[in-house]
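Here's the structure we're looking at; comments come further down.
The values are calculated or read from the model by the stated rules, or taken from the named source; none is laboratory data. For clarity, every value in this text was computed on a predicted model and none was experimentally measured. Because the Cβ atoms are built from the backbone with ideal geometry, glycine has one as well, and the counts that use them run over all protein chains shown. Surface accessibility is based on the protein's heavy atoms, side chains included, excluding ligands, DNA and RNA. Shrake-Rupley method; radii C 1.70, N 1.55, O 1.52, S 1.80 Å.
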Amino acid sequence: MSAEYDIANPGAGELFESLRAFGYDLPTALADIVDNSISAKARNIWIDMFWAGRESRITIRDDGEGMGEDELRQAMRPGSLSPLESRAASDLGRFGLGMKTASISQCRCLTVMSKTVGSPLAVRRWDLDYIASVGNGEWRLLKGDGLLRDEERSLLAEQKQGTVLFWDRLDQLVGDVSSDDEVAQKHFRERADAVKQHLAMVFHRFLRGRGAITLHLNGRPIEPWDPFLEDSDKVDPMAAESHVVDGQSAEIKAFILPHHSRISAEVHAAAAGPKGWNAHQGFYIYRNKRLLVAGDWLGLGMQKEEHFKLARIRIDLPNSADLLWQIDVKKSRARPPAALRKDLQRIARTARSRASSIYRHRGKVIQRQLGSSDVFLWSHLTKRGKNFYKINRDHPLVRKVLETAGDKAPVRALLNLVEQTIPAPLIVINNAETPDALGQPFEDSPAELLKAMEEVFSALIEDGREKAEAARALVMMEPFNQFPELVASFLEKAGRMKTD
Ligand SMILES: Nc1ncnc2c1ncn2[C@@H]1O[C@H](COP(=O)(O)OP(=O)(O)O)[C@@H](O)[C@H]1O
Ligand SMILES: [Mg+2]
């Protein structure tokens, strides 16, 4: 009688090659490995990146609880623990995949060596090239001390417990180059720097305070990067809120960071973060204090804009909320549950409005300092007791258009036509019937407003004005004078004039 099922094991080589394409990069892959060390209660984690061309190697060593022979064999299996399993509250893992997928995304040969207080050294290796050369689809996990040289085994000699991962054949990072390839070596160093910045950010709450751990990169401890400048008394925190959805709590606290004029240039530059001020605005999601998302408006219908960049909002989640918040394998994404969207929107709106009021205030200060010498696009004339509305030919943008037009006649004709055909009667009637229904300038298109601002600014510069003077003209000019916060942040971003 034939069996009622087939065994449909995936081929090891094929599946591993696919798992490589999860979308990790070097910093996110290493962060996933660090998670494991922290979950294993390590006090120290040493990451070393050795440059040797195609022989380059990365090792990650910790002094955590380690694994015995059986544990290590189990841990090396992809899907070592089901995501549905409940976990210790301090566990940073979820899918039982990280150690394998993160490593294999960067290297073709992963060796893990581990020991515990009660058991001797255990060694296991996934070697993708070996599996491919055997070619029969078997999941051959290499084992035995013989896989490592004496000096490699001695890495754990001084520790009573701990784990080392060896990443070899780093084809993503270096590929097939010789050790004197300077371009490749420079790239290698730059990636080390990206690793440092990413880990400083993701683990900042583990690197400071009571029970802090130390993360060493190439022999140097990594300093934490705190997005909320909690050590500074210049930060304006909003009241913390606690929300429970489906039995899972979320602690939310917004921070309004200080304008750069109130802190030192170094503190301001350091607070920007790896991707810069603008990118790092929005929500920061932490799972067991480990950062998953570093500045995002979470699809709540809000965009990142310069004048909101001082708003950073912290959300703390427990690891039991993984499913509810749709945490992904790479731990780089989280989606708020629908039941929380309204509250998050409210908190975000308040934080954004406070952050932008700092810029509005800066813009008003500039306006006050300058008095009023407004530049209007429209002027109002009366002739023979009648009202006319004219476009100001001295407006910098109008002047630029006229000057750069090869044949000026059509532009002049167009300006005349616009002036002569303003639908004034219609405007008057509409305004009288529904006085509150008049659209505000650029109401629906802040991006267009910025574009116009840029154009006018460059027209002023081309007109021969100094940058500082052009900036001053901009804050006084219609309609930009209605948006001091946008002007202030535009000028600051352009680095064209100090706004303090
Ligand atoms: N550095 C380490 N020290 C001790 N145990 C580890 C270490 N790294 C991994 N492990 C063990 O291997 C298992 C599998 O790790 P991983 O593939 O990252 O999945 P997850 O972290 O989701 O459980 C972990 O649950 C843990 O038991
Ligand atoms: Mg893990």
Task: Accessible area of region 12-221 divided out per residue, in Å², using a probe of 1.4 angstrom - done: 46
Open item on the list: With Kirkwood's inverse mean 1/r over C-alpha pairs for Rh, give me the Rg to Rh ratio of region 1-62, two decimals please.
Closed with: 1.21
Task: Selection from 142, 410, 303, by position along the positive dipole direction of the chain (Cβ) - done: 410
TODO: Give the distance, in whole Å, between the Cα centre of region 388-415 and the Cα centre of region 306-342.
DONE: 51
Task: Compactness of region 277-418 as Cα Rg over 2.2 N^0.38 Å, two decimals - done: 1.73
Task: Difference of contour (0.36 nm per residue) and Cα-Cα distance, residue 240 to residue 303 - done: 20.3 nm
Task: Hydrodynamic radius of the chain per Kirkwood, over alpha carbon pairs, in Å - done: 27.2
Open item on the list: Per-residue counts of other Cβ atoms within 10 Å, averaged by peptide: what ranking do you get for 146-156, 475-485, 3-13, highest first?
Closed with: 475-485, 146-156, 3-13
Open item on the list: Which order do you get for 401, 183, 365 if you rank them by accessible area with a 1.4 Å probe, largest at the top?
Closed with: 183, 401, 365
TODO: Report the equivalent ellipsoid semi-axes for region 1-160 in whole Å, largest first, defined as the square roots of five times the eigenvalues of the gyration tensor built from alpha carbon atoms.
DONE: 26, 20, 17
Task: In region 378-494, lysine pairs closer than 30 Å at Cα, eight or more apart or cross-chain - done: 16
Task: Inter-probe distance in nm under a simple model that places probes 7 Å from Cα toward Cβ, at residue 377 and residue 171 - done: 5.7
Task: Cα-based convex hull, region 54-103, per residue volume (Å³, whole number) - done: 116
Task: Distance between modelled label sites at residue 74 and residue 455, nm, 7 Å Cα→Cβ extension - done: 6.7
- [ ] Any chance you could list P(r) for region 378-494, counting all Cα-Cα pairs in 10 angstrom bins from zero, rounded to whole %?
- [x] 11, 33, 36, 18, 2
Task: Under 17 Å between alpha carbons - lysine pairs in region 12-221 that sit 8 or more apart or on different chains - done: 6
Task: Relative contact order for region 378-494, counting Cα pairs under 8 Å that sit 6 or more residues apart, in percent - done: 17
TODO: Compute the separation of the alpha-carbon centres of region 113-141 and region 270-292 and state it in Å as a whole number.
DONE: 37
Open item on the list: Can you work out the Karplus-derived ³J(HN,Hα) for every residue in region 32-38? Use 6.51 cos²θ - 1.76 cosθ + 1.60 with θ = phi - 60°, whole Hz, and x for glycine or proline.
Closed with: 5, 6, 4, 3, 5, 5, 5
Task: Accessible carbon and sulfur surface of the chain relative to its total accessible area, %, 1.4 Å - done: 51
TODO: Beyond 16 Å, what share of the Cα-Cα pairs of region 289-358 is found? Please give it as a whole percent.
DONE: 50
TODO: Straight distance only, please: which lysines reach the Cα of residue 253 with their own Cα at less than 20 Å, same-chain residues fewer than 8 apart left out?
DONE: 234, 289, 304, 309, 342
Task: Spread of Cα-to-Cα distances over 5 Å intervals beginning at zero, given as percent, for region 102-192 - done: 3, 12, 19, 18, 17, 15, 11, 4, 1, 0
Task: Distance in nm between pseudo-label sites at residue 44 and residue 81 (7 Å out along the Cβ direction from Cα) - done: 2.6
- [ ] For region 446-453, just list the computed ³J(HN,Hα) in residue order, Karplus coefficients 6.51, -1.76 and 1.60, θ = phi - 60°, integers in Hz, with x standing in for Gly and Pro.
- [x] x, 5, 5, 4, 4, 4, 4, 4
